[in-house]
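Enquirer: One structure, as structure tokens, below. Some questions next.
Every read-out reported here was derived from the displayed coordinates using simple, explicitly stated rules and does not represent laboratory data. Given the structure is predicted, the values throughout are model-derived calculations rather than measurements. Note that we place each Cβ from the backbone using ideal geometry, even for glycine, and neighbour counts take in every protein chain shown.
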Amino acid sequence: MKRRKGAPILVGIDTGGTFTDLVAIVGNESEIRVHKVLSTPADPADAVIRGLHEMLADARPESVTYSSTVATNALLEKKGARVALFTNAGFEDLIEIGRQNRDDLYALAPSRPEPLVSRAMRFGVAERTLFDGSIIRTLSRAELARIRRLAARSGAEAFAICLLHSYANPKGEEAIARSLAPLGKPLSVSHRILAEYREYERFSTAVVNAYVAPRMSSHLKNLETRLEGARLRVMQSNGSAIGTELARAEPVRTILSGPAAGVIGAANLARAFGTDRFITFDMGGTSTDVSLFDRRARLRTLCHPDGYAVRTPVIDIHTVGAGGGSIARIDAGGSLRVGPDSAGADPGPACYGRGELCTVTDADLVAGRLVAANFLGGQMKLYPDRAARAVSRLAREMKTNSLAAARGIIRVVNANMERAIRVITVERGYDPRDFALLAFGGAGPMHACELALDLGIRRIVMPRNPGLLCAWGASSAPLGREYSLTVRATNPSYRNLLARAAGLVRRARAELAAEGARAIRHELWADMRYRGQSYELEIPLTPRFIADFHSTHRRTFGHSNTDAAVEVVNIRVRAVGGESQAKPKRIARQTGKPTPVSSAHVLVGGRERTVPIYDRDSLGAGARLRGPIVVVELSSTAYVAPEFDLRVDDFGNLQLEATR
């Protein structure tokens, strides 16, 4: 690829389970190009490079921000590295013992994931550091030599180094890291990744990082080589981007990078049309990701991908196995189930021409909500007859007709997604009716109306290019760093905490500046609790942080105690640099009455109706329509139910309002 002179090209890429999405911002006039290609699970870089060539021809991007699923898939598919763990003697089983928390209180035989490091690959070492950082047993030269021999003989592809209380004094972990460095294998050193107390979460995070590091490192090196000099950045789970050096060393930070990019893209668009309270609803090919945006993205510091504790900053996103490729089947009890298994990109839904199993996409096609002639703007052929056969086979098992079976599949997958939204709203103390539903992803706009009706939500926003919003979010993401430090201080002064945080601030700003970030800004946060509690609330670190803690505790738990001692457990710095280059553009005003391009038989409620089909590119700002209608475009298809009126805003977003 050649770089076009005078026209810098910035690209955002999101690799999904079915499609790889690309958005390019070209030149100072911010020309926007979009493209989709089928993902290539065997080597995700193949789809990335092919998509860039098809979208940009011989031009070469200056910068690529990449939302990657490589680390996630390595963990979920158990295709990570062979890891050796070095920890204090007697604590080799800590990652297996974990916490006594039970995800399912009523399960008689609860299951837990197998440890990522086998018992034979966990090695105890003769070292002991206490909680205050004092060392009562120092690593000897002989012990370090023994550790090096064990590592060399283990056949491990990566090493995790996890010692007790290394957050208070990292000397022991650093000594082991220096000893193992000559072996040339990826090192995951727990205090470098997470300088916080609670050894189980720190150890588990370091082990997950070691497990996915070799595969991620190999993938990024391959991609960088094939990008021919373009600057590559990788999305983090917290919504900011990092350079490839940090992404290779700490890929655990990218476990939820794809869903995080969607939230950042949604926030970027929502600011343009004046909405700051919304629920993101991202329904893709294999899963649905939902998140609550209440004036800012909600962050959390602990997640459990596939059951493994990972303590890194992530946007509070809830994921369920409900997507266009989710497989519908009848279970042993005779009930209709949809997902979490997916047909993925290969073979894909039956209507893609290779698969045979019935999926949500096949049901949408049979129901008329997906238009075969306009799929991917007509660039990809669908096979309605194959979808009809797949749905018909399932209908025979259900002892009903194909339309009823399609309706059942849609209702079941909607119910799965409704439960997901209730998790991030009702279970967090929020009423979903107080928020707009921002629907995107390739399948989101097809299911948003019925989902909103079930939840009592009266406003829906469907952005332009909804199937590409995660890629848009990647192109919008600033460079970022987030670091934390355990302090365990009771009733500390604001000035004291600022002094403790100063080193983190300097580190974050220096690293961002080294990556070329400008306009760097940072925020300070504190993990706080009443002394004696075992859980914390995250509070902005301002001069009134203690008063804010009491009020937040009362709002969250219904009570507070202003006379009780308050403990600050950890302090955090979040720093970002640079301004987003991805700005939504206004579109031309509508002239005349919108004209449908065709019509189709669509399942509306429980019966078929003839419904007009509109081309989204032909709808100008100010256009108004009433459901039921279908709106087609390159990256998605929208179904507008009869209970909603549609208005196109100045930026081309579809604004839906419930009429009854």
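Enquirer: Does I264 qualify as being within 19 Å of the chain's Cα centre (by Cα), of a type in the set (V, I, T) and within 23 Å of V207 (Cα to Cα)?
Expert: no
Enquirer: Given the criterion of a type in the set (G, A, S) and surrounded by 20 or more Cβ atoms within 10 Å (Cβ to Cβ), identify the matching residue among S218, S237.
Expert: Checking each option against the conditions leaves just S237.
Enquirer: Another question about this same structure. Within region 609-627, does at least one residue satisfy the condition of being touching a Cys at 6+ places or on another chain (Cβ under 8 Å) and either assigned to a strand (DSSP E or B) or surrounded by 13 or more Cβ atoms within 10 Å (Cβ to Cβ) (or both)?
Expert: yes
Enquirer: Quick check on my filter: what residues within region 541-569 are in contact with a strand residue (DSSP E or B) (Cβ under 6 Å, 6 or more places away or on another chain) and under 30 Å from I242 (Cα atoms)?
Expert: L541, F545, V568, V569
Enquirer: Here's a follow-up. Being within 18 Å of the chain's Cα centre (by Cα) and surrounded by 24 or more Cβ atoms within 10 Å (Cβ to Cβ), is that true of even one residue in region 222-233?
Expert: So far as region 222-233 goes, no, none of its residues is within 18 Å of the chain's Cα centre (by Cα) and surrounded by 24 or more Cβ atoms within 10 Å (Cβ to Cβ).
Enquirer: Among the candidates S598, S636, single out the residue that is of a type in the set (S, T, N, Q) and either crowded, with 16+ Cβ neighbours inside 10 Å or under 31 Å from the mean Cα position of the chain (by Cα) (or both).
Expert: S636
Enquirer: Where in region 221-312 are there strands (runs of 3 or more DSSP E), lying fully within it, with 3 or more residues that are within 19 Å of L469 (Cβ to Cβ), among the hydroxyl-bearing types (S, T, Y) and out of contact with any strand residue (DSSP E or B) (no Cβ under 7 Å at 6 or more places or on another chain)?
Expert: Passing ranges: none, list empty.
Enquirer: Same structure again: Name the pairs whose Cβ atoms lie under 8 Å apart, with the first residue in region 376-395 and polar (S, T, N, Q), the second surrounded by 16 or more Cβ atoms within 10 Å (Cβ to Cβ) and outside any helix (DSSP H, G or I), and 6 or more positions between them or separate chains?
Expert: So the pair list comes out as Q379/L634.
Enquirer: Failed condition for H550, given (1) assigned to a strand (DSSP E or B); (2) surrounded by 12 or more Cβ atoms within 10 Å (Cβ to Cβ), with all others met?
Expert: Here H550 meets the rest and fails (1).
Enquirer: Which condition from (1) farther than 22 Å from H35 by Cα; (2) touching a residue at least 40 places away in the same chain (Cβ under 8 Å); (3) in contact with a strand residue (DSSP E or B) (Cβ under 7 Å, 6 or more places away or on another chain) is the one that L603 breaks?
Expert: (3)
Enquirer: Of all residues in region 511-534, how many are farther than 24 Å from S493 by Cβ, surrounded by fewer than 17 Cβ atoms within 10 Å (Cβ to Cβ) and not charged (D, E, K, R)?
Expert: Residues in region 511-534 being farther than 24 Å from S493 by Cβ, surrounded by fewer than 17 Cβ atoms within 10 Å (Cβ to Cβ) and not charged (D, E, K, R): 5 in total.
Conditions tested, residue by residue: (1) within 20 Å of E201 (Cβ to Cβ); (2) in contact (Cβ under 8 Å) with a residue 24 or more places away in the chain; (3) surrounded by fewer than 21 Cβ atoms within 10 Å (Cβ to Cβ).
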{"residue": "P41", "(1), (2), (3)": "no, yes, yes"}
{"residue": "I49", "(1), (2), (3)": "no, yes, yes"}
{"residue": "A71", "(1), (2), (3)": "yes, yes, no"}
{"residue": "A81", "(1), (2), (3)": "no, yes, no"}
{"residue": "F86", "(1), (2), (3)": "yes, yes, no"}
{"residue": "S111", "(1), (2), (3)": "no, no, yes"}
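Enquirer: Scan region 177-204 residue by residue and report those that are in contact with a Phe, Trp or Tyr (Cβ under 9 Å, 6 or more places away or on another chain) and of a type in the set (S, T, Y).
Expert: Listed by number, the residues that qualify are S188, S190, Y197, S204.
Enquirer: What number goes with the only condition from (1) surrounded by 22 or more Cβ atoms within 10 Å (Cβ to Cβ); (2) closer than 26 Å to I613 by Cβ that G339 does not pass?
Expert: Status for G339: all satisfied but (2).
Enquirer: Which pairs have Cβ atoms under 9 Å, sit 6 or more apart or on different chains, and link a residue in region 496-509 that is over 21 Å from I242 (Cα atoms) to one that is among the basic types (K, R) and surrounded by 15 or more Cβ atoms within 10 Å (Cβ to Cβ)?
Expert: Close Cβ pairs (under 9 Å, with a partner that is among the basic types (K, R) and surrounded by 15 or more Cβ atoms within 10 Å (Cβ to Cβ)) amount to A501/R572.
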